[in-house]
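The structure appears below as structure tokens.
The values are calculated or read from the model by the stated rules, or taken from the named source; none is laboratory data. Predicted model, so just to flag it, every value in this text is computed and none were measured. Cβ: placed from backbone, ideal geometry, glycine included. Neighbour counts: every protein chain shown.
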Amino acid sequence: MLIALYLADIEQRGVTASGLADWAQCPKTTALRWQHVLEDRHLIRREANPADARMQLISLTELGREALDEFFRLAPIV
């Protein structure tokens, strides 16, 4: 899910909570549980979707973006 949000951040597009679950190909309950964990760790944030109040948009926080930038910087090139 973090990689999907990283790509969405680069492309400057929003990702819904359910869309993120679909991308991860896991049950929505599992995805939601992990979204709460990531939010508690300040890696992602939830925002109201201005186009549809029933949906939330999920995005990386600055901390989340920095953590992924560092991860990719240190990852060995295969």
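Overview of values
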{"quantity": "The lone exception for Leu63 - which of (1) outside any helix (DSSP H, G or I); (2) without any contact (Cβ under 8 Å) to a residue 24 or more places away in the chain it fails", "calculated": "(1)"}
{"quantity": "Check on Arg33, basic (Lys, Arg) and touching a strand residue (DSSP E or B) at 6+ places or on another chain (Cβ under 9 Å)", "calculated": "no"}
{"quantity": "Meets criteria (outside any helix (DSSP H, G or I) and modelled with pLDDT under 95) for Ala4", "calculated": "no"}
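Matching residues to (1) hydroxyl-bearing (Ser, Thr, Tyr); (2) within 11 Å of the chain's Cα centre (by Cα); (3) assigned to a helix (DSSP H, G or I); (4) surrounded by 11 or more Cβ atoms within 10 Å (Cβ to Cβ):
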position	(1), (2), (3), (4)
Arg13	no, no, no, no
Cys26	no, no, no, yes
Thr30	yes, no, yes, yes
Trp34	no, yes, yes, yes
Glu39	no, yes, yes, yes
Pro50	no, no, no, no
Ala53	no, no, no, no
